[in-house]
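S.K.: Handing you a structure now.
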Amino acid sequence: MRRPPILAWLFVGALLTFLFAPVVCVVLFSFNDSAAAGPPIKGLTLSWYREIFTNVEYTDALRNSLQVALISASCSVVAGTAAALALVRLPRRITAVLAGFFVVPMVVPALFIGVALLSFFTRIGFELSLQAVIVGHIIVTLPLVIALIGARLQNLDLSMLEAARDLGASGPQAFARVLLPLIAPAIVSAALLSIATSADEFIISLFVNGGDQTVPVVIFGGLRTGVTPAINALASTILAATVLATLIAGRLVSLRDVAR
């Protein structure tokens with residue numbers, strides 16, 4: 001087998017550097033024992049991470065982001081699971097059309113969704129707050145949940161539910177004891193990816209937060225006065241949380257595929 005040419009290795013290395021160098025710099029400088037957010041690195045410290053949990057603005061933002069992510073993910077999982085169950089029982093043509101509509105929020109620019117929500121909430125007199133942010137995040141995460149759980153349901157024989165009913169199980173019992181264990185990995189994966197998506201969502205949160213800021217909005221506000229090591233630490237914390245959630249979700253999907 002021929003070894004890849006040196007130019008191929010150089011191209012791949014340059015591409016990886018282009019993609020990950022900014023991320024590595026943010027994480028690296030979050031440990032810098034200096035008030036400067038950039039080089040030189042005078043030493044390593046965790047003081048900026050401690051500041052995250054002592055600065056009221058940062059702790060409020062973390063609490064808001066966690067609250068929004070958990071509530072929006074929970075609502076999306078419940079509604080998305082119900083929608084996926086309904087879609088899989090419909091004729092294929094109707095399912096394809098409806099699935100296309102559900103995908104729209106995933107392809108429409110977040111800027112458009114943010115402006116639309118701001119205009120809609122203002123018109124109906126709905127207060128801009130964390131509740132408005134949660135609604136916006138549900139719009140973004142719900143299609144993801146439907147896609148993941150729907151894909152799992154497509155590979156299952158739902159006649160097993162009818163068989164369970166014939167054996168005396170009620171509808172809820174058939175769902176809880178037969179179907180739920182089979183789609184549980186997809187549900188958990190969808191929930192984790194929804195949390196990761198919500199934690200990273202900036203534009204919609206910026207438009208409708210009404211002063212209740214999430215972490216991305218706080219980071220954006222802090223950048224107006226210059227990047228600080230504390231901002232780097234806050235961004236690195238969100239990065240670690242989202243990467244961890246995504247890796248766990250991916251692992252669950254892999255285990256599901258192996259079990260299949």
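FYI, it's all coordinate maths here, none of it is from the lab. In this text, all values refer to a predicted model and were calculated from it rather than measured experimentally. Please note: Cβ atoms are built from the backbone with ideal geometry, for glycine as well, and neighbour counts cover all protein chains shown.
S.K.: So, in nm, how far is label LEU158 from label VAL56 when the simple model puts each one 7 Å beyond its Cα toward the Cβ?
M.R.: 5.3
S.K.: With +1 on the Cβ of every Lys and Arg and -1 on the Cβ of every Asp and Glu, and nothing else charged, how large is the dipole of the chain about its Cα centre, in debye rounded to the nearest 20?
M.R.: So the magnitude is around 800 debye.
S.K.: Can you give the local net charge around GLY150? Use residues other than it whose beta-carbon is closer than 13 angstrom to its beta-carbon, Lys and Arg +1, Asp and Glu -1.
M.R.: Combined, the nearby Lys, Arg, Asp and Glu give +3.
S.K.: Count the net charge of all other residues whose Cβ sits under 13 Å from the Cβ of VAL217, scoring Lys and Arg as +1 and Asp and Glu as -1. Each step should come with its number before you reach the end.
M.R.: Details: positive: ARG224; negative: GLU57, ASP60, ASP200, GLU201, ASP212.
So the environment of VAL217 carries a net charge of -4.
S.K.: Between ALA169, LEU206, ILE139, whose Cα lies farthest towards the positive end of the dipole of segment 138-213 when Lys and Arg beta carbons carry +1 and Asp and Glu beta carbons carry -1, centred on the Cα centre?
M.R.: About the Cα centre, the residue reaching furthest to the positive side is ALA169.
S.K.: Just to be sure I understand: if I project the alpha-carbon convex hull of segment 55-259 onto a plane and average over all orientations, what area do I get in nm²?
M.R.: That works out to 13.6 nm², a quarter of the Cα hull's surface.
S.K.: Still on this structure, please answer the following. How many Å³ per residue does the convex hull of the Cα positions in segment 181-228 occupy? Kindly include the intermediate steps, with their values, before the conclusion.
M.R.: Working: hull volume 4.4 nm³, N = 48.
Hull volume normalised by residue count: 91 Å³.
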